[in-house]
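All of the numbers you see were taken from the coordinates with simple rules; none came from a lab. These numbers were taken from a predicted model, which means no experiment stands behind them. So basically every Cβ, Gly included, is an ideal-geometry build from the backbone, and we count neighbours across all protein chains shown.
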Amino acid sequence: MLVVLYVVGALIALVVVGLVLLPMFIDEQAVINLAQQQFKEATAGELVVEGNVDLGLFPELKLNLGNTTIDLPPQTEDGSRLVVTAQGVDIGLSVLAILSGSDEVGDVHLSGADVQLLDNTGALQTQLTITDLVAQGLNMAGQPIGLKGALAVAADPQSQPIQIRFDGAVRVPSTFDQVTLDGFSTEIIGALSAPVKTELSGTAKLSPLSADLDLNVNSPGGVIDADLNYNVAASPQIDLDFRSERLDLDRLQPANQTDDTGGESATQSTPTTPDDAPTSPAPPPLPLPVGPLKDLDMQLTISAGSLISAGQTVTNAQLLLRVVDGISDLEYLRGTLHEGQLDTQLTVDVRQPTVKVALAGGLKGVELNSLLTSLEKPNTAAGYVDMEWGIDTAGTSTQALQEGLDGELNVNGRNVEITSVSAQALLCTAVAQIQQTTLTQTFPETTKVSALDMKVRFEDGQARLAPLNLGTPGVALTGVGTASLASLDFAATLEAQVNKELEAIDPACRIDDRYAGLDLPVNCAGNLADETGNLCRVDVEAIALQLLEREARSKFAKEADKLGEKAGNALKKLFGN
């Protein structure tokens, strides 16, 4: 949009031609020479007219410049050179207005124009096409000028151009040093999955380039009120303050979004192939789109009643992001997430080809059922837990970042209830089966956890559970396990011990005193993406082996004692007793 303001300033300079045109309208070359002289004095730029010059008279003076080039030099040491090449520039000047001294002197119509921004080495920075631009009510007294048009911007020749339509009023003083926007509307098509409409008001100064604007955005993700400050000579160059009742970042998807494999969206059907058909090699992981972060100098603050990202809703969200010198520093993201208090920080370093990411923070008092329901695991557990994390990773693709996680996640719970399984029923059933007894009581359908302590260590492409400590009336569980970060397959082994509290529920759960301290192994396996259910079972065979081993040791000890002290001790040592 600042490029458009540059173009407007250049077009306003052309109005000077009309003020001195009447005495010499027959000499077309003199018109061109005068236009070039006045344009150079006003802007320090070059005006080249290679096409025909057509003149018209009353009631309106018409000047048509064919194949016109406007070349504006950089306004600062690090500024950009602006080159505008137009197929036609139509200038309409009101002779009566000029003679009467009116502020309004006419209008300009620009069509078929290519605009290029070049850096101080001549390299192309931005290229856009102005398909149509009409400036009405041109004046040099800072009065409103109607501005309407359309342009297209393409990041590269292969990409689909972004279409921008705009309509509003601007004011430009005779010094041409700034542009003031009065209720300037735009519609942007092709940048996101749905059109974005904005309302701009404020002032942009052209040398050095800066802007102080009020911005209202109606986007697919919500309505945003914002303050936008830009200053090419300051740091941050871009300072944004967003305010929104509801901002859904998940809906701010680029147009023509593709899936992780680089194909079209997964919602499209794909043809089936026979089971014995040769499989095609998997496409390489897509590189991370971090290019824009390398040169960006920006600060962003967000205040949102609801901030939605990755399907999670943070209420009363506060966010501060600083991007400079290739480092994006999310200094804080705070708010309420599933009844818990979120406070986390994130740093992304893109200065090298391998992107480095560091994440730290915590979530205090998160409600488990709300969290698990959002992860499509409803009615699995309830209660409150505290989480803390410190995780680093590095890679050149999303897959590499996921598999390269290195750090820890700690979870501590209180008033937790596992609603998908009853640990007491599971273990009592196993004990009764081994001792060949029958359960006589009805057990709770859930597991009420009196203590929960869990640590997950991320390394070598795996999430390692070490350890898990869980206490519930009558049962104590400890365990270890691993999960693959690539496939999400997991396996865990838990060791359970039962005590008198379990026997109080049902006498069949009582374990003979000879087997006090017996470990009851529980094996769990599956995929974290699957529906929860029947993922764990008590290893009855292992328990039976323990019982047989204990019984054998007990009998052996008795027989050894009969042999006398010396011989008995020797045999006990030999067999590990």
Sequence ranges 110-118, 479-487, 433-441, ranked by mean other-Cβ count within 10 angstrom, highest first: 110-118, 479-487, 433-441
Sites Glu245 and Glu408 - FRET efficiency at Förster radius 51 Å, r taken between beta-carbons, to 0.05: 0.90
Karplus-derived 3J(HN,Hα), 6.51/-1.76/1.60, for each residue of the stretch 497-507, Hz, glycine and proline x: 10, 10, 9, 4, 4, 6, 4, 5, 6, 8, x
Fully extended contour minus Cα-Cα distance, from Ser450 to Leu346, at 0.36 nm per residue: 34.1 nm
Under 11 Å, Cβ to Cβ, from Lys294 - net charge with Lys/Arg +1 and Asp/Glu -1: -3
The stretch 350-368 residues near the modelled Asn316 label - backbone nitrogen below 15 Å, point 7 Å along Cα→Cβ: 364-366
Chain lengthening between Ile327 and Glu187 when straightened (0.36 nm per residue, less Cα-Cα): 47.3 nm
Length added when fully stretched, Ala141-Lys40, from 0.36 nm per residue minus Cα-Cα: 34.3 nm
Förster radius 60 Å - calculated FRET efficiency between Ser174 and Asp519 (Cβ-Cβ, nearest 0.05): 0.10
Mean-position separation - Cα centroids, the stretch 298-315 and the stretch 332-401, in angstrom: 14
Rounded to the nearest 20 debye, dipole of the stretch 120-236 from Cβ charges on Lys, Arg, Asp, Glu: 220
